[in-house]
Each structure stands twice: as C-alpha cells, then as structure tokens.
Amino acid sequence: MHYQPPSNLLNNKIIMITGASDGIGKEAALTYARYGAQLLLLGRSEIKLKQVQQEIASQGNHPVLIFPFDLLTAKTSDYQALAEDITNKIERLDGLLHSAGLLGEIAPISTQDPEIWQQVMQVNVNAGFMLTQALLPLLLKSPKASLVFSSSGVGRKGRRGWGAYSVSKFATEGLMQVLADEYQGTSLRVNCINPGGTRTSMRASAFPQEDPGLLKTPADIMPTYLYVMGDDSSNESGVSFDAQPNRVPGAAK
C-alpha cells in the first residue's frame, strides 16, 4: 500500500488485462497506462472497453488494443484464435493480469446452484488456465514477464457461504503456485494479488448492506498492482500478495 513507483515504471511494457472494462481491472488499465504501459484490454463488453480505450487516449497515453471476449462461453479453439490474433499484433507480452471474475452465489454448499457453480469455475479457474496456456509463448519472449492472478482471503481460508467463489480462489492459488514452480529460474514470474474488500460492484453484490464509504477504492490499492507488475518485483515468484495486508476479513465496520 505504501509503494512509491517511479513514473516510468512500466515504460516499454506490453501488458494484457482481463476484466478491464470495470472495477479493479479498469483501474489497473488506467493506472498502468499512466505509468507508461502499452495495453491490451480484454472484456465481455465492447462498449465498455471502448470507453476505457478512449479515456486512456484522452490522457495522451499509448494507444490501446481491445479484445471483446466472453470467458464464460469461449472454447479452447477461441483461446487459440485469440492468441494468434494477439501474436500478429505484438512481438511479446511483458505482463498478464487476470482480473476478470464471477462471484456466484453467497449461499451454503447445500443450496449452491450447480449451473452457477460451473459458471464460476469456468470464468475464475478454467479461463485463467486456458488464456495463460495460450499466451505463454508470448510471455516467455519477454526478458522479465509478470503473470498475475486475482486471489481472495476466502481462497486461503474457507468461509461459510462463499461456496464456488471460495473454492475457485483456492484453485487459483494452486494454479499460481504450480506455474511459479514450473517456471522457476526463467524470465517468467507468477504471483497472486488478494485485493481485499474493495469498492466494486462485485463487492456490493456480496455485501449489499455494507457502507461502501468504509472500503478502499480500486485506486487506493493500485500500489500493489504496480509493484507486482513492475521490475521491482522481478525476484519474487510464487507469492500471494495482500493489497490490504492489515484488513480484517468480512464486512467493513
């Protein structure tokens, strides 16, 4: 939270962000652009992606490439086609931030809807695996690549009612650890960020009675996102970072 990045931290970095049309993903896009990154933004809504693209352009930053893509319905062949399209546009990838995610139901396991459970796993786990696998060749062309997954406190200690979301984040932590071990000693580092309770629409869905004014905004937690993506963290891999390290889990009080 107290990291002070240099203004040129991400100069000459080519970074892709999923879930870039809203919430933390959008804020990461705006922030990374200000610090010099060239961005590729992926999300379901082309309209929202174009709005982020235009906002970044209005600030005089690098032109942004957008990729409307539905992680829920995409097939393996769609990821391969996406990777080919990206490879035709850029020579390498210096960073990949998996920010997209589904909350699912806040309900006991006994009442979880199996269809919604599958949707959460598809977006939060399977899509992260498939997109990462498709883009690994581009990431490995970078001299210092950073692959970042989005975790959660309920992905480290299970909590009642969090069902599919919690299980999906445990799986995400596991995927990160396996990849970090497999690419140890290479130019690719792999980490997670747990943003903590943050003022987003997903958070409001999970805690509808919570006062959002008590929460950090996505902009407040960006120092961690900058540190993990920039070269100052180039020796750290296999780590699950907390963007709000002293925050107590649960609803803000």
Measure of exposure for TYR183: accessible area at 1.4 Å probe, Å² rounded to 10, is 50
From the protein chains alone at 1.4 Å, what is the descending order of accessible area for ARG44, ARG156, ARG189, largest first?
ARG44, ARG156, ARG189
Full extension between ARG160 and GLU84 adds, at 0.36 nm per residue less the Cα distance, a length in nm of 23.2 nm
Can you compute 3J(HN,Hα) from phi for each residue in region 166-175, using the Karplus curve 6.51 cos²θ - 1.76 cosθ + 1.60 with θ = phi - 60°, rounded to whole Hz and x for Gly and Pro?
4, 4, 5, 7, 4, 5, 5, 4, x, 4
Once amide H atoms are placed 1.01 Å from N in the peptide plane, what residues at a sequence separation of 5 or more from PHE241, or on another chain, have their amide H within under 5 Å of its amide H?
CYS192, ILE193, ASN194
So how exposed is LYS89, as accessible area in Å² (1.4 Å probe, rounded to 10)?
100
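With a ≥ b ≥ c taken as the square roots of the eigenvalues of the C-alpha gyration tensor of region 45-99, please select rounded if a/c is under 1.5 and otherwise prolate if a/b is larger than b/c or oblate if it is not? Mind showing how you got there, number by number?
On the way: a/c = 2.27, a/b = 1.42, b/c = 1.60.
Here region 45-99 falls in the oblate category.
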As a test question: what accessible area, to the nearest 10 Å², does MET176 have when a 1.4 Å probe is rolled over all protein chains in place?
0
Taking only the Cα atoms of the chain, how large is their convex hull per residue, in Å³?
123
Quick one: pull the percent of accessible area on the chain belonging to carbon and sulfur, 1.4 Å probe, ligands and nucleic acids left out.
50
Strictly over 22 Å apart at the Cα level, which of LYS26/LYS157; LYS26/LYS216; LYS13/LYS89; LYS13/LYS169 would you flag in this model?
LYS26/LYS157; LYS13/LYS169
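The values are calculated or read from the model by the stated rules, or taken from the named source; none is laboratory data. A quick note: this is a predicted structure, and the numbers were derived from the prediction, not measured. Heavy atoms of the whole protein, side chains included, go into the accessibility calculation; ligands, DNA and RNA do not. Shrake-Rupley method; radii C 1.70, N 1.55, O 1.52, S 1.80 Å.
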